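Scroll down for the structure; my scribbles are underneath it.
What follows draws every value from the coordinates through simple rules; no lab data is involved. Small disclaimer: the values here were computed from a predicted structure and weren't measured. Glycine also receives a Cβ, built like all others from the backbone with ideal geometry; neighbour counts cover every protein chain displayed.
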Amino acid sequence: MAHHLSAKKRIRQNEKRRLHNRYYKVTARNAIKKFRSMTSSTEAMEAYPKMCSMLDRLATKRIIHKNKASNLKSKLRLFANKLAKAS
C-alpha cells in the first residue's frame, strides 16, 4: 500500500480514469455490435458517419488506440458496402 499522499492520490485518479474509460469502451463495443446486426443498407449508411465520429473521438481521447479506430472504421465500411451490394 502506498504511503505518500501523492501516490495515494495517483491511485485514486487511476481508478477513476479506469472506470471512465471502461464505460466508453463498453458503450463503443455495444454500438459496434448494434451496427453489425443491421440488415438494412440505408440504415447502415446513415449510422456509419456517427460510428466513425465516435471512434475518432475515442482515439483522440486515447481511450482506444488510433490504429484500432482505423481498423474498426475500415471493417465497418466493408460491412456497410456488403449490405449495399446484397440489396
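A few notes on this one:
- Computed over the chain: relative contact order in percent, which uses C-alpha pairs under 8 Å that are six or more apart: 30
- Positive-end extreme of charge dipole, the chain - chosen from Ala47, Ala69, Phe79 (charges on Cβ): Ala69
- Rounded tilt (10° steps) of 41-60 against the dominant C-alpha axis of the chain: 20
- Against the chain, whose longest principal axis is taken from its Cα atoms, helix 5-36 shows a tilt of about 10°.
- Per-residue [θ]222 nm for the chain (sum of -39500 (n - 2.57) over DSSP H runs n ≥ 4, rounded to 500): -29500 deg cm²/dmol
- Using the Cβ-Cβ distance between Val26 and Ser6 with R0 set to 41 Å, the FRET efficiency from 1/(1 + (r/R0)^6) comes to roughly 0.85.
- Backbone amide hydrogens, once placed in the peptide plane, bring Ile64 within less than 5 Å of Ala59, excluding anything fewer than 5 places away on its chain.
- Helix 66-86 axis, angle to the chain major axis (alpha carbon atoms, nearest 10°): 20
- The fewest-to-most ranking of Leu55, Leu83, Leu5 by surrounding Cβ atoms within 10 Å reads Leu5, Leu83, Leu55.
- Size of electric dipole in the chain: Cβ of Lys, Arg +1 and of Asp, Glu -1, about Cα centre, debye, nearest 20: 520
- Under 17 Å, Cα to Cα: Lys pairs in region 6-87, sequence gap 8 or more or different chains: 28
- Pairwise centroid distance, computed over Cα atoms, of region 17-43 with region 52-80, Å: 11
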